Amino acid sequence: MKPFNQTFLLLTVTAACWLPACKPNNAATAVSGDAAAKAYVAPGKYDEFYNFVSGGFSGQLSVYGLPSGRLLRVIPVFSVDPEKGYGYSENSKGMLNTSHGFVPWDDLHHTELSQTNGEVDGRWVFANANNTPRVARVDLKTFRTAEIIELPNSAGNHSSPFITENTEYVVAGTRFSVPIGDNQDVPISSYKQNFKGSLSFISVDKGTGNMDIAFQLQTPGVNFDLSHAGKGPSHGWFFFSCYNSEQANTLLEVNASQRDKDFILAVNWKKAEEYLKAGKGVKKNVKYSRSRYDERSHMTKSEMLNEVTVLDPAVLKDICYFIPCPKSPHGCDVDPSGEYIVGSGKLAALVPVFSYTKIQKAIADKAYDGEFEGIPVIKYEAALYGEVQKPGLGPLHTEFDGKGNAYTSFFVSSEIVKWNIKELKVLDRVPTYYSIGHLCVPGGDSRKPNAKYVIAYNKITKDRYLPTGPELAQSAQLFDISGDKMQLILDFPTIGEPHYAQAIAADLVSKNSTKLYKIEENTNTYVTKGEKEAKVVREGNKVHVYATSIRSHFAPDNIEGVKVGDEVYFHVTNLEQDWDIPHGFAVKGANNAELLIMPGETQTLKWVPEKPGVYPFYCTDFCSALHQEMSGYIRVSAPGNNVPLSFSLGKTNDAEAVR
Amino acid sequence: MKKMILILSAAVGLYACSGNASKQETPAASTPAKTESGNPAYDPERGAGKFKDVAVSATLDKPMAEAGLKVYDVKCASCHKLSDEKLVGPGWKDVTRRHKPEWILNFITNVDEMLEKDAKAQAMLELCLVRMPNQNLSDEEARNVYEYMRQNDGVK
C-alpha cells in the first residue's frame with residue numbers, strides 16, 4: 001500500500017528516533033519528557049477511559065484502557081472464539097446464524113457507543129459486519145454480544161453502525177450495490193440498470209435495546225462509504241458519503257475515480273418516518289436473521305425474518321438530496337453543534353465543510369444542479385460553508401473537541417491535522433506512524449466530546465515494534481490534546497486491524513458492570529441448581545449431562561454408559577456466586593472448543609465421541625489450589641457393549657470389575 | 001493464576017497478620033483503620049462483619065430452617081456434608097456448637113475479611129486449602145442457613 005510514501009516517512013522518522021540525544025525540533029515530531037508520566041497508570045490504578053476498538057478482519061471488538069493502552073478484553077462479536085466457546089457452545093452458536101447459514105467470520109469495521117441527548121451514555125456499543133451485512137449490539141453491563149441483526153438487500157455493510165442522538169436508529173448503508181429483488185441473476189455489466197444501494201434504519205428499543213429494521217431506503221447504485229447523524233438543530237437528518245457515482249463495475253480504482261465530485265447524501269429521516277406512517281412504504285419479501293442472547297436463560301434465540309418495508313426516495317421526493325463532494329469522499333462527520341458537515345475526499349487536497357443551514361436554504365430555494373437517478377443534486381456552492389485549503393493529502397476521517405476544532409486523519413501524508421472549523425484554518429499537525437486510517441477523540445462524534453486525547457489507528461506498522469515476522473500487530477498512537485499542540489505520549493499494539501473506535505469516560509461504564517449471574521435467576525432448560533440435581537439422562541442417542549462446577553470439582557465426575565454414536569451434551573452450571581470465579585470445561589477429543597462458565601451461568605458443550613475408551617475432562621480456568629484436581633472421566637463403550645448409564649461423585653470403594 | 005496468588009497471599013497472611021496485612025483485591029477496598037497491628041477491638045468469638053448480636057430462640061424456627069435447606073442444596077452442599085466428614089470444607093455436624101451464630105453468619109457473608117483477620121478461619125484454610133467461596137447470600141438467606149445448621153445439630 002502506497003510504498004513510496006511509507007519509505008519516505010520511515011526514513012525521516014527513524015532518523016529522528018535513532019538520535020536519542022538530539023533535541024527534538026518541536027513537540028510534534030518527537031516524544032517529549034513528560035510523555036511517560038502522562039500515559040502512566042500505576043499498578044492497581046484504573047484507566048480514565050474505555051476505548052472500544054474495532055478488530056477489523058479479526059471480526060472482534062477489543063477494549064483498551066486509556067491512557068495506559070492496556071488491553072482489557074477482546075469481545076467476540078462476528079467471529080468464533082474457541083477460548084470463550086463463542087460460536088461453539090450450544091448457547092452461543094445461534095448468534096452467528098444468517099440467511100446464508102452459520103457464518104464463523106466477519107470483518108468488523110466500526111464501533112459506535114449509544115447516546116442519549118447526543119452524549120455517550122455507556123449502555124451499548126454497536127458494531128458492523130462488513131462482509132455478510134449485519135449489525136451487532138454489545139451490552140456494556142456484561143461486555144458481551146447481546147444481539148445481531150442481518151441486513152437484507154445489502155452487500156458490504158460499511159457505512160454503519162452510526163446512530164442518531166438518542167439512539168433512535170442505527171444505520172447501515174451498502175458499500176456494494178447489488179441487484180435487488182426477485183431476479184438477481186443478471187449480467188455484472190448491467191450495473192446501471194439493475195444494481196441498487198440501500199440504507200437501513202434499524203430502530204433500537206429504549207429499554208431493552210432490541211433492534212428491528214424500521215425501514216429501508218432504496219437508492220441509486222453507488223458505493224456508500226461512511227455516515228453520521230445530524231445533531232442538535234440537524235437532528236432528524238443523516239449524512240452518508242458515497243463514491244462510484246460513475247457506477248463502474250470493474251477496475252474501480254480507476255473507473256470510480258473519474259468524476260471530480262461524488263456525493264454526500266443528506267437524508268431527512270423524520271420525513272421518511274412520516275411517509276412510513278402514511279403507508280407509503282412497500283413491503284418486500286426478503287430473508288434475514290436476528291439473534292438475541294438472553295442473560296437469564298443463557299441461550300440464544302435465533303429467528304429468520306422475512307419482510308422489510310422499503311421507501312423509494314426517487315418517488316417520495318423530499319427525503320433524500322445529493323450534495324456534490326470532491327474526489328471520492330470517505331469520512332462524513334458532523335461537528336458537535338450539528339451545523340457543520342465535514343466531507344473527506346480520499347484523493348482530495350482540500351477538506352470541504354458543508355453548512356446545515358445552507359443546505360436547508362438550498363432545498364427551500366431549489367438551488368439544484370439537476371437530479372441523479374431521480375434525486376435532486378444541491379449546487380455545491382449552495383451547500384458549502386467553506387474549504388480548508390492545503391490541509392494535507394488524503395483526508396479520511398474527522399473527530400471534534402467541542403471547542404470549535406476538528407482533527408482530521410490524512411492517510412497519504414500520514415498525519416493528524418488540527419484545524420478550526422469556523423476559520424477553516426490549520427492550527428497544528430503531527431505525524432503518525434504510519435499511514436493513519438481512523439482516529440478517535442472520546443465522545444468525538446457526539447454533542448459533548450471529552451477531548452483529552454486523540455488516538456490514531458494506523459494502517460502500517462513496519463519498524464514501529466520489534467519485528468514478528470511478516471505479520472505485525474497494528475499500531476495505535478495516543479496524543480494528548482489538552483493543550484494547543486498535540487503531543488504523542490504512547491504507542492500500543494492492537495488486535496486485527498482497527499478501523500473506527502470510540503472512547504468513553506470509564507465511570508459511565510464501570511459502575512454498571514455485571515459481576516456474576518444470580519443462580520436463582522438462571523432459567524436455562526438444563527440448569528443444575530445444586531449437586532443434588534446433578535444427573536445424566538439418556539434420550540435416544542442423546543445423553544444429557546447435568547453437571548455442576550464449584551471449587552474444585554465437577555458433579556458428577558464419573559460417567560459410564562455412553563456409547564459410540566451418542567451425542568453427549570455437557571450442561572455445566574457454575575455454582576459459584578463470587579466475582580471472577582469462572583470455571584472452564586474441556587473434554588478430550590472435542591472437535592469444537594472449550595467452555596468458560598461464569599458464576600451462576602449454564603453453558604453447554606456438544607461432544608460426539610468416535611471410539612470406545614475413557615476420556616478425561618477438566619477445568620481449564622485456574623480456580624483454586626486444587627484446580628489440578630478438578631477433573632473427571634467419562635467412559636465410552638462400543639454400541640454393542642451393555643454398560644448401564646451411571647454417574648457418580650466421590651464413590652470410591654465399589655468400582656466395577658475390570659473388563 | 002491470579003487466584004493462586006490470592007490463596008498464597010492469604011496463606012502468607014497467616015504468619016504476617018499481626019503486621020499490617022495489606023489487601024490485594026481492589027484499590028477501593030482499603031480500610032486501613034481496621035488492620036492496625038494487634039487489633040485490640042477484634043472479637044474472635046463474633047468475627048468481623050455486620051452481625052454483632054444474633055437473636056436465637058431456644059426452639060427451632062421450622063420455616064426458616066426449610067428455607068435454609070433450599071439455599072444449602074444450591075450453594076453449600078457441593079462442599080459441606082451434614083455429617084462430621086470433611087469434603088472440600090468441614091462437615092456441618094456440631095458447627096453451631098463450635099462457633100457463635102455471629103461468627104458463622106459473618107464468615108458466610110464476609111468471607112474475605114474473615115480469612116484475613118480471624119485465626120480460626122485461617123486455621124481452617126490451612127486444613128482445607130480452598131478459600132470458602134463467597135456465595136453471595138443475603139443476610140436473610142444466611143440466617144436461614146444458620147437455622148438449618150441448628151436443625152442439623154438436633155435443635156427441635
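Look through the stretch A:539-549, keep the residues that are out of contact with any Asp or Glu (no Cβ under 6 Å at 6 or more places or on another chain) and either outside any loop (DSSP other than H, G, I, E, B) or within 13 Å of chain B (Cβ to nearest Cβ) (or both), and return whichever of them is nearest to A:Phe52 (Cα to Cα).
Among those residues, the one meeting the criterion is A:Ser549.
Please indicate, with yes or no, whether at least one residue in the stretch A:505-512 is in contact with a strand residue (DSSP E or B) (Cβ under 7 Å, 6 or more places away or on another chain), farther than 17 Å from A:Lys141 by Cα, of a type in the set (A, V, I, L, M) and touching a residue at least 24 places away in the same chain (Cβ under 8 Å).
no
Could you please give the count of residues in the stretch B:128-139 that are over 15 Å from B:Ile108 (Cβ atoms) and more than 12 Å from chain A (Cβ to nearest Cβ)?
Looking only at that region, the number is 0.
For the list (1) more than 13 Å from chain A (Cβ to nearest Cβ); (2) in contact with a strand residue (DSSP E or B) (Cβ under 8 Å, 6 or more places away or on another chain), I need the number of the one condition that B:Leu105 fails.
With (1) more than 13 Å from chain A (Cβ to nearest Cβ); (2) in contact with a strand residue (DSSP E or B) (Cβ under 8 Å, 6 or more places away or on another chain) applied to B:Leu105, the lone miss is (2).
Does at least one position in the stretch A:148-166 carry a residue that is in contact (Cβ under 8 Å) with a residue 12 or more places away in the chain, buried (at least 21 other Cβ atoms within 10 Å of the Cβ) and under 30 Å from A:His583 (Cβ atoms)?
So far as the stretch A:148-166 goes, yes, one or more of its residues are in contact (Cβ under 8 Å) with a residue 12 or more places away in the chain, buried (at least 21 other Cβ atoms within 10 Å of the Cβ) and under 30 Å from A:His583 (Cβ atoms).
For the stretch A:550-571: of the residues being within 13 Å of chain B (Cβ to nearest Cβ) and not in a loop (DSSP other than H, G, I, E, B), which is farthest from A:Thr602 (Cα to Cα)?
A:His553
Can you name every residue in the stretch A:398-418 that is of a type outside the set (D, E, K, R), without any contact (Cβ under 8 Å) to a residue 40 or more places away in the chain and part of a strand (DSSP E or B)?
A:Asn405, A:Phe410, A:Val417, listed by residue number.
Answer with yes or no whether A:His583 is within 30 Å of A:Val63 (Cα to Cα), crowded, with 23+ Cβ neighbours inside 10 Å and in the same structural domain as A:Asn51 (by TED's automatic domain parsing).
no
Taking the stretch A:614-652, which residues are in contact with a Gly (Cβ under 9 Å, 6 or more places away or on another chain) and among the small types (Gly, Ala, Ser)?
A:Ser637, A:Ser646, listed by residue number.
Return the total of residues in the stretch A:598-623 being charged (D, E, K, R) and either within 30 Å of B:Glu126 (Cα to Cα) or crowded, with 18+ Cβ neighbours inside 10 Å (or both).
So the count comes out to 2.
Out of curiosity, is A:Asp107 more than 24 Å from A:Met598 (Cα to Cα), surrounded by fewer than 21 Cβ atoms within 10 Å (Cβ to Cβ) and either outside the structural domain of A:Gln487 (by TED's automatic domain parsing) or out of contact with any Cys (no Cβ under 7 Å at 6 or more places or on another chain) (or both)?
No; evaluated as a whole, the condition is false for this residue.
Among the residues of the stretch A:340-355, how many are out of contact with any Pro (no Cβ under 6 Å at 6 or more places or on another chain) and touching a residue at least 60 places away in the same chain (Cβ under 8 Å)?
So the answer is 7.
So, A:Tyr275, is that one touching a residue at least 40 places away in the same chain (Cβ under 8 Å), more than 27 Å from A:Lys346 (Cβ to Cβ) and not in a loop (DSSP other than H, G, I, E, B) or not?
Yes.
Could you count how many residues in the stretch B:80-96 are without any contact (Cβ under 8 Å) to a residue 24 or more places away in the chain and in a loop (DSSP other than H, G, I, E, B)?
Matching residues across the stretch B:80-96 total 6.
Among A:Leu595, A:Leu575, A:Leu626, A:Leu645, which is the only one that is within 30 Å of B:Ser138 (Cβ to Cβ) and surrounded by fewer than 22 Cβ atoms within 10 Å (Cβ to Cβ)?
Answer to the selection: A:Leu626.
How many of the residues in the stretch A:616-643 are in a loop (DSSP other than H, G, I, E, B) and either within 11 Å of chain B (Cβ to nearest Cβ) or charged (D, E, K, R) (or both)?
So the answer is 7.
Looking at this structure, is A:Tyr243 among the aromatic types (Phe, Trp, Tyr), out of contact with any Leu (no Cβ under 7 Å at 6 or more places or on another chain) and closer than 23 Å to A:Thr398 by Cβ?
yes
Based on this model, can you work out whether A:Phe78 counts as under 16 Å from the mean Cα position of the chain (by Cα), away from chain B (no Cβ under 14 Å), buried (at least 23 other Cβ atoms within 10 Å of the Cβ) and assigned to a strand (DSSP E or B)?
Answer is no for this residue.
Quick check: is even one residue across the stretch A:307-328 in a strand (DSSP E or B), over 18 Å from A:Ser234 (Cα atoms), within 27 Å of the chain's Cα centre (by Cα) and at pLDDT below 95?
no
State the number of residues belonging to the stretch A:510-538 that are more than 11 Å from every other protein chain (Cβ to nearest Cβ), within 30 Å of A:Val63 (Cα to Cα) and over 25 Å from the mean Cα position of the chain (by Cα).
Matching residues across the stretch A:510-538 total 3.
The values are calculated or read from the model by the stated rules, or taken from the named source; none is laboratory data. Fair warning: this is a prediction, and the values are worked out from it, not measured in the lab. So basically every Cβ, Gly included, is an ideal-geometry build from the backbone, and we count neighbours across all protein chains shown.
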